[in-house]
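K.L.:
Handing you this structure, nothing more for now.
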Amino acid sequence: MGETRHTKVLIIGSGPAGHTAAVYSARAMLNPILVQGIQPGGQLTITTEVENWPGETQIQGPDLMVKMEEHARATGAEVISDYIVSLDLSKRPFTAKGDSGTTYTADAVILATGAQARWLGLPSEEKFKGFGVSACATCDGFFYRGKEIVVVGGGNSAVEEALFLTNFASKVTLIHRRDSLRAEKIMQDRLFKNPKVEILWNHGIDEVLGTEAPLGVTGVRAKHVETGEITEIPCAGFFVAIGHAPASELVKGQLDLHMGGYVKVAPGTTETSVAGVFAAGDLIDPVYRQAVTSAGMGCMAALDVERFLQAEEA
């Protein structure tokens, strides 16, 4: 049997939302416990250069997350290397069980488990992640000024990414498995009118091509879905835009979800459908998905928790 730990505020997740929530709740003397999860630091730990974090002209993603963790610890938050495998929100105090065997009980919970880009699942895609393969145009598009880029996908995300990348690239090739896009018509019209965009219909990605030393993408191999014919397309960057999956498995059936699994919060707040449970960051955000917006929501969650607990004590 593992030990049981009680805290006023349990924060689950260690990206920008979780760490910011930890800083604010620690400063409010709530003595939060932050459980890091399966990927300590979140998505930024697999990002190389970050150039859009205020105050840092350029910083490596993992370095930024180390700084955030140090900040959270310095303010008095307890940061624990564990992974929450189950969460019971049916009664208070809420109960979470860690993979370590530890049971955590809490008066309030902040969910900051994030969302992860859906990937194609190719070994070559995995190999070049962070070295020419990306799932975030607003994060990495800047690095491909004047170069050719390939985007895969057919929904709003893919079209938005492709259009955004035309601000930097000399050419953007959008590859889609079907003969029509799922994106909104107005988005499609913009895409079709853009002279930098070329579309390759009825093709899937067979392999990402690149160099070993230095590691980098040089192109993709696309396969026709019906004929199997192979087309090689040169590019310096390959962007996967086939959607994001919010990490809401812990709370399925316990909290109201919407838009494919994102946790639903009351407008203008981080309050979920269960009193005392708050959510922040990419877990609730299918639109912006930026480190800085996640951090802002982490701040909101901590302030919402503080008010919630104060109201209970009054």
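Every number here is computed from the coordinates shown, using simple stated rules; none is lab data. Computed from a prediction, not measured in an experiment: that's the story for all the values here. Every residue, glycine as well, gets a Cβ built from its backbone with ideal geometry; the counts of neighbours run over all protein chains shown.
K.L.:
Give the range of the longest stretch in the chain that excludes all GluC sites (Glu not before Pro) found in loop regions by DSSP and having at most 13 other beta-carbon atoms within 10 Å.
P.N.:
Result, exposed sites excluded: 52-183.
K.L.:
Cysteines without a disulfide-compatible partner in the chain, using Cβ under 4.7 Å as the rule?
P.N.:
Here CYS235, CYS299 come out as lacking a disulfide-compatible partner, given the Cβ-Cβ threshold of under 4.7 Å.
K.L.:
In sequence order, what are the phi-derived ³J(HN,Hα) couplings for region 116-126 according to the Karplus relation 6.51 cos²θ - 1.76 cosθ + 1.60 with θ = phi - 60°, rounded to whole Hz, with x for glycine and proline?
P.N.:
Working through the residues one at a time gives 10, 4, 7, 10, 6, x, 8, x, 5, 5, 4 Hz.
K.L.:
Which loop trypsin sites (Lys or Arg not before Pro) in region 236-314, with loop taken from DSSP, have no more than 11 other Cβ atoms within 10 angstrom of their Cβ?
P.N.:
LYS252
K.L.:
Quick one: give the max-minus-min coordinate of the C-alpha atoms of region 119-240 along each principal axis, largest first, in Å.
P.N.:
That works out to 42, 35, 22 Å along the principal axes.
K.L.:
While we're looking at this one, here's another question. Among all the lysines, which ones have a C-alpha under 18 Å from LYS91's C-alpha, if same-chain residues fewer than 8 places away are not counted?
P.N.:
Hits, sequence-local ones excluded: LYS8, LYS252.
K.L.:
Calculate the length of the line joining the C-alpha centroid of region 75-141 to that of region 262-314, in whole Å.
P.N.:
If you average the Cα positions of each part, the centres end up 16 Å apart.
K.L.:
Where a Cα-Cα gap under 16 Å defines reach, which lysines qualify for LYS129, not counting those fewer than 8 residues away within the same chain?
P.N.:
Reachable lysines: none.
K.L.:
For the chain, what is the mean residue ellipticity at 222 nm derived from helices alone (per DSSP H run of n ≥ 4: -39500 (n - 2.57); sum divided by total residues; nearest 500 deg cm²/dmol)?
P.N.:
Calculated mean residue ellipticity at 222 nm is -7500 deg cm²/dmol.
K.L.:
Among bridges DSSP assigns within the chain, what percent are antiparallel (round to 5)?
P.N.:
That works out to approximately 50 percent antiparallel.
K.L.:
Hey, another quick one. Going by alpha carbons, how many degrees (0 to 90, nearest 10) lie between the helix axis of 156-165 and the longest principal axis of the chain?
P.N.:
Helix 156-165 sits roughly 70 degrees off the main axis of the chain.
K.L.:
Separate question: Give the Rg (one decimal place) followed by the Dmax (whole number) of the chain, computed from C-alpha coordinates and expressed in Å.
P.N.:
21.2, 70
K.L.:
What is the fewest-to-most order of ASP82, ASP107, ASP256 by other Cβ atoms lying within 10 Å of their Cβ?
P.N.:
Working: ASP82 22, ASP107 18, ASP256 11.
Ordered by Cβ neighbours within 10 Å, fewest first: ASP256, ASP107, ASP82.
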